[in-house]
Amino acid sequence: MFAIPYEAPYGVLGMKFRCLSDHDCKAVHKNRYLNPSGNGTRLYNTADLFRNEEFLAIAEGEIDAITSHMAGIPTVGAPGATSWKPEFTRMIRGYKAVYVYADNDDGGTGLEKFAEPLAALIENARVILLPEGHDVNSFVQENGYDALKELIGV
C-alpha cells in the first residue's frame, strides 16, 4: 500500500492507503483505496490554500493533486468524484481563477460527475478537460509538467 497523508500546515490529520498490487484491487479489497474508520472525508493538500497565488486547481483524487502540485500549480484534491462537501466550497473563495480538472479516461464521468457540477458551485471556475484517455497524472507522465501548465494557461 502507498500511504497518503492528509496534512495541514499544523500537522497530519489523517491517512489513506492506495493499493499498488498488480491485481484487480476492487475485486480483492472492494476498493483501490483504504480509508481507516474515523478518517472522514477531507480535502487533500489544504496546505496549498495558504500559498500566495491568484489561482488554484482542483483535482479528482490525491494522485492527480500531487502531480499538479509537483508541476508548481497550487492544487487541492477531492477524494472522489462525488465527495465534495459544502464546507470545501467555502475554502475556495477569493481566487481569480479556479481550474477544475476533468479526467478524460473514464468515459466522461470525470466531466459529468465531478468537474461540471463542481464548477457550478465555485466562483471563477474554469473546467479543464484533459485530452482523451488521460487524467492529470497520465497526462504529465506522457507530456511533462510544462505541458500541464500550458494546458491550463499558467
* Quick one: count up the residues across the range 107-133 that are in contact with a Lys or Arg (Cβ under 9 Å, 6 or more places away or on another chain) and over 11 Å from ILE58 (Cβ atoms). => 2
* Just name the residue that is modelled with the highest pLDDT out of those in the range 38-65 that are charged (D, E, K, R) and outside any loop (DSSP other than H, G, I, E, B). => ASP64
* Test: residue in the range 23-37 that is in contact with an Asp or Glu (Cβ under 9 Å, 6 or more places away or on another chain), modelled with pLDDT of 75 or more and not polar (S, T, N, Q) -> no
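Test ALA8 against the stated conditions and say whether it is outside the structural domain of ASP106 (by TED's automatic domain parsing), surrounded by fewer than 19 Cβ atoms within 10 Å (Cβ to Cβ) and aliphatic (A, V, I, L, M). Before the answer, list the steps.
Numbers: outside the structural domain of ASP106 (by TED's automatic domain parsing): yes; surrounded by fewer than 19 Cβ atoms within 10 Å (Cβ to Cβ): yes; aliphatic (A, V, I, L, M): yes.
Spelling it out, ALA8 is indeed outside the structural domain of ASP106 (by TED's automatic domain parsing), surrounded by fewer than 19 Cβ atoms within 10 Å (Cβ to Cβ) and aliphatic (A, V, I, L, M).
Taking the range 91-128, which residues are of a type in the set (Phe, Trp, Tyr), within 15 Å of the chain's Cα centre (by Cα) and closer than 18 Å to LYS149 by Cα?
Taking the range 91-128 as the starting set, the residues that turn out to be of a type in the set (Phe, Trp, Tyr) are 95, 99, 101, 114.
With the extra rule that they be within 15 Å of the chain's Cα centre (by Cα), the set shrinks to 99, 101, 114.
Scanning the range 91-128 gives TYR99, TYR101.
Residue-wise test of (1) aliphatic (A, V, I, L, M); (2) farther than 23 Å from VAL154 by Cα.
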| residue | (1), (2) |
| --- | --- |
| THR46 | no, no |
| THR75 | no, no |
| TRP84 | no, yes |
| THR89 | no, no |
| ARG93 | no, no |
| ALA115 | yes, no |
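Which of the residues spanning the range 59-73 are surrounded by fewer than 16 Cβ atoms within 10 Å (Cβ to Cβ) and aliphatic (A, V, I, L, M)?
Residues of the range 59-73 that are surrounded by fewer than 16 Cβ atoms within 10 Å (Cβ to Cβ), as a first pass: 70, 72.
Residue satisfying the conditions is MET70 alone.
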* Asked: Given the conditions (1) at pLDDT 95 or above; (2) over 11 Å from the mean Cα position of the chain (by Cα), and given that SER68 satisfies all but one, which numbered condition is not satisfied?
  -> (2)
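Would you call GLY77 out of contact with any strand residue (DSSP E or B) (no Cβ under 8 Å at 6 or more places or on another chain) and small (Gly, Ala, Ser)? Talk me through it step by step, then tell me what you get.
Working: out of contact with any strand residue (DSSP E or B) (no Cβ under 8 Å at 6 or more places or on another chain): no; small (Gly, Ala, Ser): yes.
Spelling it out, it is not the case that GLY77 is out of contact with any strand residue (DSSP E or B) (no Cβ under 8 Å at 6 or more places or on another chain) and small (Gly, Ala, Ser).
The values are calculated or read from the model by the stated rules, or taken from the named source; none is laboratory data. These numbers were taken from a predicted model, which means no experiment stands behind them. Counting neighbours? That spans all protein chains shown, and the Cβs are built from the backbone with ideal geometry, glycine included.
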